[in-house]
Amino acid sequence: MINFTSIGDLARGMRLQTRSVELRNQIETLSYELVSGKVQDVSGRLDGDYSHLLDLDRSLSRLDAFKVSTAEAQLFTDATQLSLTTVNDSVDEVAATLLSFGTSNQAVSHENASALARNELDTIMSALNQRAGGRSLYSGTATDVSPLASADTLLSALESELSGHTSAVDIRQAAEDWFNDPAGFDAVIYQGSDTALAPMQVSENESVQIPITATDPALKDAMRDIAVAALLSDDALDLPRDLRTSLFRQLGGDLANTQNQLVNLRGQVGSAQARIEQAATRNSAARTSLEFSRNELIAANPEETATKLQTVQVQLESLYSVTVRNSNLSLVNFLR
């Protein structure tokens, strides 16, 4: 006896359809892996143990946060360095002009010298009021407010302090006292916080701090001497010409010395810039290493994946051919 095993047309159609779905799913999976370079079944690749992958992801997330913080720190320190450069250039300009009163080959009028000092004072205070990323550079923790009032406010307040003094010593002492008095410059002109800006975290174990505010002694000395120079030709003070000339020379010499203090400030900021750049480089290298390790865990072999994809595509095409032939089977076609 011969046994024949056969299946009906409906069952055959269902089997062909099921196989077609399986092959299409395999093609979708292999196509994803070929394009992304990662296996789709991560759990199968890791045998269900996600601990190492999760640890790598946590480390990468921390590095992402540090990438943002280092970028903000770079923006802040770059802006600070640029503003200090502006301040230094203004101090240099005024110092050179005032020192010219001690030489015979320069012809600068008192009025021109005071006008220059007034303009450069405004430039300096504007530079110190600059912001980076929406934060004031020299306001300490009060980053939402500009640290200094206007140059006109400063000159008006200082003029009141200088009025009535008739000697170079008294005028300079009055200016120094007002700038050092907590009820003077710090209360009338400075609008920021007395607390320095908190350190900026740039890596797992490293932070960078820029503790400079607009009340830094070097910055206050520069503003004080330039403000006095701006007021010396004011009619309200009514100072003798010889006294003004003497004061201009003294202020020019002091401003030249102040430049050394400004160089130190710029050096502090430059050191912070270098540390931030080094931290960013280390973070980038660490991220590259972690990403490589992560990819190794879940990477799909491109050559193997491409070969499998081609094989499955051929199988699907063959299946379609069989399906078409089966759909054309009929008694009439069989008897032809």
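The values are calculated or read from the model by the stated rules, or taken from the named source; none is laboratory data. These numbers come from a predicted model, not from an experiment. We place every Cβ from the backbone using ideal geometry, glycine too, and count neighbours over all the protein chains shown. Ligands, DNA and RNA are excluded from the accessible area calculation, which covers all protein heavy atoms including side chains. Shrake-Rupley method; radii C 1.70, N 1.55, O 1.52, S 1.80 Å.
Which of the residues belonging to segment 169-222 are assigned to a loop (DSSP other than H, G, I, E, B), open to solvent by less than 30 Å² (accessible area, probe 1.4 Å) and either of a type in the set (A, V, I, L, M) or within 30 Å of Ser284 (Cβ to Cβ) (or both)?
Ile189, Leu197, Ile210, Ile212, Ala214
Out of everything in segment 92-116 that is touching a Phe, Trp or Tyr at 6+ places or on another chain (Cβ under 9 Å) and among the hydrophobic types (A, V, I, L, M, F, W, C), what residue ends up being most open to solvent (accessible area, probe 1.4 Å)?
Leu99
Quick check on this structure: which one of Ser246, Ser271, Ser233 is among the hydroxyl-bearing types (Ser, Thr, Tyr) and buried (at least 19 other Cβ atoms within 10 Å of the Cβ)?
After applying the criteria, what remains is Ser233.
When you scan segment 142-168, how many residues do you find that are part of a loop (DSSP other than H, G, I, E, B) and exposed (fewer than 15 other Cβ atoms within 10 Å of the Cβ)?
7
Within segment 94-141, work out how many residues are over 22 Å from Asp221 (Cα atoms) and assigned to a loop (DSSP other than H, G, I, E, B).
10
Hey, does segment 236-251 have a residue that's without any contact (Cβ under 8 Å) to a residue 40 or more places away in the chain, more than 23 Å from Val188 (Cβ to Cβ) and in a loop (DSSP other than H, G, I, E, B)?
yes
Scan segment 75-87 and report the pairs whose first residue is of a type in the set (Asp, Glu) and whose second residue is open to solvent by 20 Å² or more (accessible area, probe 1.4 Å), with Cβ atoms within less than 9 Å and a gap of 6+ or a chain change.
Short answer, once both residue conditions are applied: Asp78/Gln273.
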